[in-house]
Structure formats: C-alpha cells, structure tokens
Amino acid sequence: MLRGISGRACVFICAFVLMYGSAGVLTRLKLQNWLLFVSVVLLWGSNWSIMKVELNILQAPVTFVLHRFLVSVAVLFPGFVLLRRRLPRDRGTLVKLFMLCLIFVSIIVTQAFGLMEESSGIGSVLSYTQPLFVFCLAVPFLNEKLTTVKVVGVIVGFLGVVILFLGRVTAFPADSILVMLFGAFLWAVSVLFYKRSLTHVDPFVTHFVQLAVGSVFLCAYAFGTSGFVVSADVTYVGLLIISSIGALAAGNVVWLYLLKREEATTLSGSSLIIPAVALVFGRWILGESLGFESILGSGLTLAGVYLVNWRGRNNAHAASQGKA
C-alpha cells in the first residue's frame, strides 16, 4: 500500500477539478441559478464530512436519518403552511409521489449505512457514480442513444470503482462500497422516475412530502425495534441542525428548483464538482488520507462521470434529484 499524498497536494488536485468542472457549468447557467448551484455544491460537498462526524458519535444509521428528517420537516413545515402549498389532488400523482418517497428514504438510509464504514470523501465519490447508472438505465428504458464517448465514460467510471473496491478489501469492509453503489443505483432510479413523472409538482411540495412520509416510516421502524433514541451530545445536536437545515432541507429544495428550471445535463456537472469538494473537506475536517488507490480510483470514477455527461443534451442524463 502506497503512502497517502500530502494535504496540500490533495487540496490542489481537488480544487483544480472543482474549478475546471464549475467553469463548464458557469457558461451554461443563468447568473442567479449559478449562484444557487454553487451554494448547493458547497452545502453538499461539506455535508459528507459532517455526516461522518455525526455517525461516529451516534453509531446508529437509521436513527441518524430519522433525526435529520424530523429536523428538516420542522424547518420546512412553516414555509409549507405560510406559502399555502397544496398537495396534488389526482390519485395518479399521489401514488407516484408516494413511490418516490419510498425510494428517497431507501437512498438516504443506504448512504448512512455505507458511510458508517467508508471515508467521507470516497463515500461521496461512490454515491456520485449515479450518472453512470442513469445512463445505463436510460438506454433500455428511455431509448437513450449510445455514443462512443459515453460508453467509454461508463467503462472508465466503473474501472475506477473496481480499483477503489480492490484497494479497500484488506483495509475496510468491502460491503461498505457495495452498499454505497446500491444507493447510487437507487438514486439513478429516482432521477429517471422524477424526470418522467413528477416535474409538474412544486419542488418544495415534493421534497417536503418525501421528508414527512420518510419520517413516518422511520418512526414506525424505530419504535418497532430499539425505540426512539435521542442524543444529548452537544456536537452531534449542533451538526445535526446545520446539516439538516442546510444540506437536506434547503439544498434539496434548491436542487429540485434548478432541475426544473435548467437543463438536467447542464446541472450534471455537479456530479464531478461535489465529490471533489467532499474530498477537500474530508482532508481538512477529518484528516482523511488519500492513498494511491484512492486517488487513481476516484480520478477514474469522476472522469467517467464527466465523459458520460460530456456535451449531453438529452434529459435522460438528469444529473440528480439531490440527496446529500
């Protein structure tokens, strides 16, 4: 195993990827939407390190997700009432919204379980392989056209995942990588489902319902197993409030707004930028070292994601519905 690279080198590499990726997005977004986009990138990029700290304190993934959902619902509920948002009335839309809620909960819980054993930076890279899955699913289900660049992107991206997997077989439980990849697959499913079925619903309503319904399911699970657990740790409570309000509540609402207003393929640049930011914060906040396998695997994975989204113009390449 080769030694990890220095902190300065890590920051330089990730910052370069961040600036290079964001430059392409900037040229295609309106100024207001670009500012919103940057805020989401910073919120979600830093959130991986924050979640890792919270999970290290609580050591209970499902309870952790429940806490985040409850805080987010409490924050969004006044806005839901004051803005007089209304739920869809037709049965078909309600059924689809309920299905999206189930997928959403599964994604967040899966991410939490994977992040328990995986580093925050690599965890973010694995989660943001979802555009690779989006493309793979879009070909058979949406008749997405195959191109040489995108096929190469998928191959390169998953080659990076294999390198990450092999590099961690002896150092970490390999299950964590498989769990994170499954979460990325579910995320891809939710992207296609949302873009095809629910873009006509108010983004605020969509996300509020996801959190509210998710809270009900997770509460039922908690009371049916170990009961509802509350942590009195000041650090945990503080970080919980910050991550729930910033990344989970505000971040997802803004992302759904952008996904509705801008070309989804343009926004897919975030799939490259956010993991780069997460790697930087993982180094700064948690002191996570990046060995040769981590750098090579992450680089290939992000390069594959970039190629899959390169100059794409088809909505089937929806970058993400946003979940951090």
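What follows draws every value from the coordinates through simple rules; no lab data is involved. Note that the structure is predicted; figures quoted are calculated from it, not measured. When we count neighbours, we look across all protein chains shown, and the Cβ atoms used for this are built from the backbone with ideal geometry, even at glycine.
Counting only C-alpha contacts under 8 Å and six or more residues apart, can you give the relative contact order of the stretch 71-215 as a whole percent?
Result for the stretch 71-215 is 50 percent.
When you work out D = kT/(6 pi eta Rh) for the stretch 45-147 at 25 °C and 0.890 mPa s, using the Kirkwood radius from C-alpha pairs as Rh and the Stokes-Einstein form, the result is 149 µm²/s. Working note: Karplus 6.51/-1.76/1.60 with θ = phi - 60° gives the stretch 126-142 the couplings 5, 5, 8, 7, 4, x, 5, 5, 4, 5, 4, 6, 5, 4, x, 9, 10 Hz, where Gly and Pro are set to x. Computed from backbone phi with θ = phi - 60° and the Karplus coefficients 6.51, -1.76 and 1.60, the 3J(HN,Hα) list for the stretch 52-58 is 4, 4, 4, 5, 5, 7, 7 Hz; x is used for glycine and proline. Looking at the stretch 50-110, the trypsin sites (Lys or Arg not before Pro) that sit in a DSSP loop and have at most 10 other Cβ atoms within 10 Å of their own Cβ are Arg84, Arg86, Arg89.
Backbone amide hydrogens, once placed in the peptide plane, bring Arg85 within less than 5 Å of nothing, excluding anything fewer than 5 places away on its chain. The 3J(HN,Hα) values that the Karplus relation (6.51, -1.76, 1.60; θ = phi - 60°) gives for the stretch 102-116 are, in residue order, 4, 5, 4, 4, 4, 5, 5, 5, 4, 4, 5, 5, x, 6, 4 Hz. Gly and Pro appear as x. For the residue pairs Lys150/Lys260; Lys52/Lys150; Lys96/Lys145, the alpha carbons lie more than 30 Å apart in Lys52/Lys150.
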